[in-house]
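Here is the structure we will look at.
The values are calculated or read from the model by the stated rules, or taken from the named source; none is laboratory data. Quick caveat: nothing in here was measured; it's all calculated off a predicted structure. As a convention, Cβ positions derive from the backbone with ideal geometry for all residues, glycine included, and neighbour counts pool all protein chains shown.
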Amino acid sequence: MFTKFSKAAVSAAVLASAAVAMATAAPASAVSAPLKCARTAVHFDLAKGQTPENVTLAPDGTAYVTLAKARQIAAVSRGGSVRILATLPEPADGGVHTPALGFPLTTGIVRAHDGTLYFLYATGTADLTGVWRLRPGGRPQRIAALPATGLPNGLALEARTHTLYITDSVLGTVWRVPASGGTATTWSTDPALAPTGFLGANGLKIHNGALWATNLDKGTVLRIPILADGRAGTARVTATGLPGIDDFAFTGHGDQIIAALNTVNQVALIQPDGLHTTVLTAADGLQGPTSIALRGDTVHVMSAAYLTAKDPNLILAHLGG
């Protein structure tokens, strides 16, 4: 997520991202052939705050999306129709104290096998910030509070233990919450998660016995082992030189990752050894990509247009062998 809107804030953030890119750019990174058959499948309504922040896919092909500025959860059909499932209550102060951003927003989202949606809401207020749940046909309810001083962002569900993991981009923390709800506990505060001026720990996935996360400020991908007793191991940086990296997905080829680089308007394919290539750019319709999901070889890329302020969208592309 990269969501500062004032001209001064945008300029500062872009300059910071450029500095990260220059400091950590990997010489092996280059522009390669784009993903095949990229096309814009859905155009969202920016005037209504429909900035798609995160996405999770259902078996029937429905994409469940957080529309950040609108404070909404939406279902996007395979045909491209958008249906609003819930709108979160606006905080009493309008969300002006939301850390780093100054407005309330819905962020990470995951779907359980029974169709239950879990998602995050950041408001800067103690009564609303936290993990929320939406059961099919039900109403949204908060199941765990998170610190109002933080910015919950990435969300992952470990199905075996029914545990939710949350990255906090401001506090540089990974929280852990039972999927049934309850008290959030600190899982990791490894220094690799910390921000360096804006937002740190961001995208989040559980994969091959570890928690994987991105750090937007540092342009890195991290792997934190989940130890046998459930505690966090030591974070290891697996890739660098990825300015403005937001959310990501594993391609199914081992530890290969495809990631959204929000501030530079690119999608990168990252190999297990950290080498990476650019596979989508603005020429393919990207408008500040925020999140990625895969079903088979079909790549879903959400663009929130935070910096471009033009055409937030969903792009579909084919991931070749």
Quick test of your reading of the structure: LEU280 fulfils all but one of (1) under 19 Å from ARG39 (Cβ atoms); (2) among the hydrophobic types (A, V, I, L, M, F, W, C); (3) in contact with a Phe, Trp or Tyr (Cβ under 6 Å, 6 or more places away or on another chain). Name the failing condition by number.
(3)
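Restricting to region 193-236, name every residue that is assigned to a loop (DSSP other than H, G, I, E, B) and farther than 26 Å from THR106 by Cβ. Please lay out each step first, then the result.
At the first step, the residues of region 193-236 found to be assigned to a loop (DSSP other than H, G, I, E, B) are 194-200, 208-209, 216-219, 227-231, 233-235.
Matches in region 193-236: ASN208, GLY209, LEU227, ALA228, ASP229, GLY230, ARG231, GLY233, THR234, ALA235.
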Report, by residue number, each residue of region 177-205 that is in contact with a strand residue (DSSP E or B) (Cβ under 6 Å, 6 or more places away or on another chain), touching a residue at least 40 places away in the same chain (Cβ under 8 Å) and at negative phi.
VAL177, ALA179, ALA184, TRP187, SER188, ALA192, LEU193, ALA201, ASN202, GLY203, LEU204, LYS205
From the residues in region 289-318 that are part of a loop (DSSP other than H, G, I, E, B) and out of contact with any Ser or Thr (no Cβ under 6 Å at 6 or more places or on another chain), which one is nearest to ALA268 (Cα to Cα)?
ASP297
Just checking, does region 23-42 include any residue being assigned to a helix (DSSP H, G or I), modelled with pLDDT under 95 and either over 23 Å from ARG295 (Cα atoms) or touching a helix residue (DSSP H, G or I) at 6+ places or on another chain (Cβ under 9 Å) (or both)?
yes
One residue from ALA283, ALA293, ALA305 being surrounded by fewer than 23 Cβ atoms within 10 Å (Cβ to Cβ), within 15 Å of the chain's Cα centre (by Cα), over 22 Å from LEU204 (Cβ atoms) and among the small types (Gly, Ala, Ser):
ALA305
Being among the polar types (S, T, N, Q), under 23 Å from ILE270 (Cβ atoms), over 18 Å from the mean Cα position of the chain (by Cα) and surrounded by fewer than 19 Cβ atoms within 10 Å (Cβ to Cβ): is that true of THR185 here?
no
